[in-house]
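The values are calculated or read from the model by the stated rules, or taken from the named source; none is laboratory data. Please read all numbers here as calculations on a predicted model, not as lab measurements. Note that each Cβ is placed from the backbone with ideal geometry, even for glycine, and that neighbours are counted across all protein chains shown.
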């Protein structure tokens, strides 16, 4: 039988290793989700989240869902965006395309503007599209996890503002790893997930958006019962409750994770994420490895590394597992070309140094096994 309880250092784009403080807090108490303690917990989560983001609670609101980042994305795409709306989905990789694919299921007037994976978003083309077609919504990701690159959310937000479109941003893997000012970038809704740079277990997702946009949802027909954003907002806003039974222990963990960020300071947290990513990338260069498009704007969350010629990712992955590290390979056209390492979560500089040594050893091991 597989030893599922074995502890690995999770250096993949999620899930991430969680601090002992969050783990201890998560199991320290049990509360009922229809009791006053849970309502107080949810209120603190909402207020702390907005404070950390620098958003006024009179203008923005937070909804927490029990489900992955994809649940939050589907909630927005089925609740805020309606079949009569015209949607432009921007994609330069797997997750931008996934937003477009989900939107097409529910919203037939969806146009997917898909570029080559890893290519910088062509803003002139985006403006030309918006200028010549009255789109109601634009969807995009902040960090395209499949390539490790940040997308120009503010520039797209300015174009949306100019041409009268609303903007939905998937910030699942970028939130608290890379800065994003929703108000400045004219973002109407943003989604994120617990098991990334928030440094807690997976299983929760958040939708942050303009309060007026949340209120408008009640005017639309319900197309998704469990993920109805209108229902979740009504319960959260009016009752400090959730419409369904939530993962209470994860709400407790989220509260503690946000509290830790508040204690550290958002800018300090972002700076720490930057330093960890830079340290890892410098050490990669020291051992002769190169980044995928190193001259592009890269996220602090994930580093995308070119596989050395002749190295099998499957063999590299297995060798790293044997050494206690989990990393991921490339998707789509990047399969067998790259591998990805995350420095999110409870990862120290010592962990990063140990990983670099393990990568060096594992590449040699993989190449020897393949010979």
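Can you confirm whether residue 134 is in the same structural domain as residue 60 (by TED's automatic domain parsing), within 25 Å of residue 17 (Cα to Cα) and not in a helix (DSSP H, G or I)? No: the conditions fail for residue 134.
Name every residue in the stretch 72-92 that is outside any strand (DSSP E or B) and touching a residue at least 60 places away in the same chain (Cβ under 8 Å), in order of residue number. Result: 72, 73, 74, 75, 76, 77, 78, 79, 80, 81, 82. Being modelled with pLDDT of 95 or more, over 28 Å from residue 93 (Cα atoms) and in contact with a helix residue (DSSP H, G or I) (Cβ under 6 Å, 6 or more places away or on another chain) holds for only one residue in 258, 320, and it is 258. Residues of the stretch 183-208 that are under 29 Å from residue 130 (Cα atoms), in contact with a strand residue (DSSP E or B) (Cβ under 9 Å, 6 or more places away or on another chain) and assigned to a loop (DSSP other than H, G, I, E, B): 183, 185, 186, 187, 188. Do you know which residues across the stretch 66-81 are touching a helix residue (DSSP H, G or I) at 6+ places or on another chain (Cβ under 7 Å) and under 14 Å from residue 209 (Cβ atoms)? Listed by number, the residues that qualify are 73, 75, 76, 77, 79, 80, 81. Scoring residue 128 on the criteria (1) surrounded by 15 or more Cβ atoms within 10 Å (Cβ to Cβ); (2) over 15 Å from the mean Cα position of the chain (by Cα) leaves a single failure, condition (1). Considering every residue within the stretch 33-41, establish whether at least one is crowded, with 17+ Cβ neighbours inside 10 Å, outside any loop (DSSP other than H, G, I, E, B), touching a helix residue (DSSP H, G or I) at 6+ places or on another chain (Cβ under 6 Å) and in contact (Cβ under 8 Å) with a residue 40 or more places away in the chain. For the stretch 33-41, residues crowded, with 17+ Cβ neighbours inside 10 Å, outside any loop (DSSP other than H, G, I, E, B), touching a helix residue (DSSP H, G or I) at 6+ places or on another chain (Cβ under 6 Å) and in contact (Cβ under 8 Å) with a residue 40 or more places away in the chain: present. Exactly one residue among 270, 250, 180 is in contact (Cβ under 8 Å) with a residue 12 or more places away in the chain and either outside any helix (DSSP H, G or I) or closer than 27 Å to residue 87 by Cβ (or both), and that residue is 180.
Every residue in the stretch 305-333 that is within 15 Å of residue 7 (Cα to Cα) and part of a strand (DSSP E or B), please.
Scanning the stretch 305-333 gives 325, 326.
The sole residue among 167, 204, 198 that is in the same structural domain as residue 60 (by TED's automatic domain parsing), buried (at least 22 other Cβ atoms within 10 Å of the Cβ) and within 11 Å of the chain's Cα centre (by Cα) is 198.
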